[in-house]
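Working notes, structure below.
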Amino acid sequence: MTPSFKNNELIIKNSDETLDKILESNCSVSRFGDGEFNVMLGGSINFQKHSVILKDRLFEIINSQHSNHIVCIPYVFKSLRGLTPKSKDYWRKYMNSKYNEIKTLLNSNNEYYDSLVTRVYIDHLDKSKSLERFKKFKKIWDGKNIVIVEGSKTRFGRGNNLLENSRSIKRIICPAESAFSKYQDIVTEVKKQSREDLILISLGPTATVLAYDLAKSGFQAIDIGHIDIEYEWFLQGTNDKIPIKNKYVNEVKGGRRVDFKRDIEYEEQIVKRIEE
C-alpha cells in the first residue's frame with residue numbers, strides 16, 4: 001500500500017494546473033523531487049555532493065511563501081494514477097522508505113504545485129497530452145529573451161526546436177556536477193542579467209535554490225529540470241529512458257558520458273563559463 005498524507009489533506013496542484021499558474025502569473029518556480037529530499041534528509045545524489053549549506057537552504061525554501069514564487073513537490077504524494085507501471089513501482093518504493101521523514105518537512109496548510117510538471121512524457125501511461133503540454137511550456141518563453149543556466153554537458157534546447165519561439169538565448173555554463181560548490185559565483189553572474197530576461201535553470205538542486213533567490217531579486221526564474229530531455233524522448237517516440245546524443249542524462253546507463261561535436265551557435269550564446 002502506498003502511504004498517503006493524513007486524510008489526503010496535502011494541497012498539491014497537478015501538472016496542468018502548475019503550467020497554467022506559471023503562464024497566468026509569470027511566477028518563479030522551485031522544484032523539490034527525490035534528489036532534493038534526499039539532500040534534506042542528509043544524503044547526496046550522483047551529481048551533487050552533500051552540502052550542509054545546500055541542505056539548510058532547501059529547508060528554508062520548502063515552506064516559503066512569496067507572491068511571485070511557487071514551491072513544487074511531486075504530485076505522486078497525492079496520487080499515482082496515470083503513471084507507467086515502472087514509474088509507479090519506483091515511487092511506491094521511494095515513499096515506503098522515505099515517507100515518514102518527508103511528511104515532517106511539509107506543511108499541510110500550504111499550497112504546493114507539481115515538481116513533476118517537467119516530466120510530461122516518459123512516465124505517463126497515456127502520452128496523448130504530451131504535445132499539448134510541451135506547447136504550453138513553449139508559451140512560457142514565447143517572444144522572450146532567455147538566459148539558460150545549465151551544466152557544462154546539458155546543452156538545453158540544442159538539437160531540437162524547443163526554444164525556437166524565444167526571442168534570444170544566452171547561456172551561463174556551470175559545473176556539470178556539484179554545481180552548488182560554485183553557487184555564489186553563479187548567482188552573482190545571473191544577477192548581472194536584465195530583469196526583463198526569463199531565467200531557465202537546469203542545474204539539479206542548485207536550481208531549486210537559485211530560482212528562489214532570483215525571485216526575491218525581481219527575476220522570473222524557472223527550475224526547468226528535465227523538460228529538454230523529455231522533449232527529446234518525445235520526439236524519438238521512445239517508451240524508455242535512453243541516452244541522448246551530445247547531452248547529459250544522469251539517470252540512464254551511459255548517459256553521463258558525453259562526446260561533443262563543435263557547435264558554433266551554442267558557443268556564441270555563452271556569456272559566461274563558471275569553472276568547475
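The values are calculated or read from the model by the stated rules, or taken from the named source; none is laboratory data. These numbers were taken from a predicted model, which means no experiment stands behind them. Don't worry about glycine lacking a Cβ; one is built from the backbone with ideal geometry, like all the others, and counts go over all protein chains shown.
Residue-by-condition table, conditions (1) of a type in the set (Phe, Trp, Tyr); (2) farther than 17 Å from residue 29 by Cβ:
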| position | (1), (2) |
| --- | --- |
| 94 | yes, yes |
| 103 | no, yes |
| 127 | no, yes |
| 141 | yes, no |
| 154 | no, yes |
| 164 | no, yes |
| 169 | no, yes |
| 188 | no, yes |
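Against the condition closer than 20 Å to residue 270 by Cβ and aromatic (Phe, Trp, Tyr), how does residue 233 come out, does it pass?
When the stated conditions are applied, residue 233 does not pass them.
What are the pairs with Cβ atoms under 6 angstrom where one residue, in the stretch 176-203, is in contact (Cβ under 8 Å) with a residue 12 or more places away in the chain and the other, located anywhere, is polar (S, T, N, Q)? Sequence gap at least six, or different chains.
Final answer for the pair search is 176/152; 178/48; 179/206; 180/51; 180/206; 197/145; 198/220; 202/154.
What do you reckon, is residue 169 touching a residue at least 60 places away in the same chain (Cβ under 8 Å), closer than 25 Å to residue 84 by Cβ and touching a helix residue (DSSP H, G or I) at 6+ places or on another chain (Cβ under 6 Å)?
Criteria not met by residue 169.
Can you list residue pairs whose Cβ atoms sit under 7 Å apart, with the first residue in the stretch 258-276 being closer than 14 Å to residue 159 by Cα and the second being modelled with pLDDT under 80 and surrounded by 13 or more Cβ atoms within 10 Å (Cβ to Cβ)? Count only pairs 6 or more apart in sequence or on different chains.
If the second residue must be modelled with pLDDT under 80 and surrounded by 13 or more Cβ atoms within 10 Å (Cβ to Cβ), the pairs left are 260/246; 261/246.
When you go through 231, 248 one by one, which is the residue that is assigned to a helix (DSSP H, G or I), touching a residue at least 24 places away in the same chain (Cβ under 8 Å) and aromatic (Phe, Trp, Tyr)?
Going through 231, 248 in turn, the sole match is 231.
Can you name the residue in the stretch 48-73 that is farther than 16 Å from residue 107 by Cβ and surrounded by 21 or more Cβ atoms within 10 Å (Cβ to Cβ) and is also modelled with the highest pLDDT among such residues?
Ranking the candidates gives 57 first.
Among the numbered criteria (1) crowded, with 16+ Cβ neighbours inside 10 Å; (2) over 19 Å from the mean Cα position of the chain (by Cα); (3) part of a loop (DSSP other than H, G, I, E, B); (4) among the acidic types (Asp, Glu), which single criterion is violated by residue 189?
It is condition (3) that residue 189 fails.
Could you list, in sequence order, all residues of the stretch 204-221 that are modelled with pLDDT of 95 or more and assigned to a loop (DSSP other than H, G, I, E, B)?
217, 218, 219
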